[in-house]
Amino acid sequence: MQKLKNKTSAVVVFSGGQDSTTCLFWALSRYEKVIALSFDYQQKHIKELECAKNICRKYGVEHYIMDMSLLNQLAPNSLTRSDIPVDEQAPEEGTPNSFVDGRNHLFLSYAAVFAKQRGISDIITGVSQSDFSGYPDCRDIFIKSLTTTLCLAMDYQFDIITPLMWLDKAETWALAHELGAFDVVRNETLTCYNGIMGDGCGHCPACKLRKKGLDTFLEKLNA
């Protein structure tokens, strides 16, 4: 196994949403150099990439967008097809219809290749098991398994870092506040599955989760 190359730099998997933006500011507070990597899979909420571009430009973060359009062809669902509405309630069994098969697996695998070419070992992603919405690729066991696989596959020591893994949405808002990024996260990100910036549409699962966490955080902040 090759030794760690560079612990002063990190690659952040950056969608332009609440969680990844919080992680971006978390990384900026800890690393000398941060590179943001976004993915275009022709998602219905593709405006998130404009948010990602604007945030990176505003804060001087090196930013790349990778073409992942093949994922759109492979995984038809409510985030990749305009004619499939997003389920407003999670199903009693199985995954929500907003779950994109293989998305985090592919994103992190490509991020690892990208990082290795630059001698970087740390990859940061905003997945959370505390509010993972039924997505199996947001769980800690998946991240640990994939880290091992990537290290073996490329004979290189990666570290996939998940600052939000054990935080719920209220705690994620609190972290953004601590990092001085609350206003950026609230007003300049896109979490909504229907592609509406800021507070979003208000009725898709992502918006409901975001609002519930925000309300809880604000209640505690103002108590």
Once R57 and L218 are pulled to full extension, the length gained, defined as 0.36 nm per residue separation minus their Cα-Cα distance, is 55.1 nm
Ordering R139, R210, R30 by the accessible surface of their heavy atoms, 1.4 Å probe, largest first, yields R30, R139, R210
Between E50 and K211, Cβ-based FRET efficiency (R0 22 Å, step 0.05) works out to 0.50
When the charge dipole of the chain is computed with +1 on Lys and Arg Cβ and -1 on Asp and Glu Cβ about the Cα centre, the Cα farthest towards its positive end, among L70, A174, S29, belongs to S29
The simple spin-label model distance between K144 and M66, using points 7 Å out along Cα→Cβ, in nm, is 2.5 nm
GNM of the chain, Cα pairs under 10 angstrom: of A181, A153, A112, the biggest fluctuation goes to A153
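Between D40 and I196, what FRET efficiency follows from the Cβ-Cβ distance if R0 is 30 Å, with the result rounded to 0.05? Show your work: numbers first, answer last.
On the way: r = 19 Å, r/R0 = 0.63.
The computed FRET efficiency comes out at 0.95.
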Which of (i) 20.5; (ii) 17.7; (iii) 18.8 is the computed Kirkwood radius over Cα pairs in Å? It is (ii)
Highest mean packing first, using Cβ neighbours within 10 angstrom, the peptides 58-64, 22-28, 158-164, 195-201 sort as 22-28, 158-164, 195-201, 58-64
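The values are calculated or read from the model by the stated rules, or taken from the named source; none is laboratory data. Predicted, not measured: the structure shown is a model, and the values here were computed from it. In this analysis, Cβ positions are derived from the backbone assuming ideal geometry, glycine residues included, and neighbour counts consider all displayed protein chains. Just the protein is used for accessible areas: all its heavy atoms, side chains included, with ligands, DNA and RNA removed. Shrake-Rupley method; radii C 1.70, N 1.55, O 1.52, S 1.80 Å.
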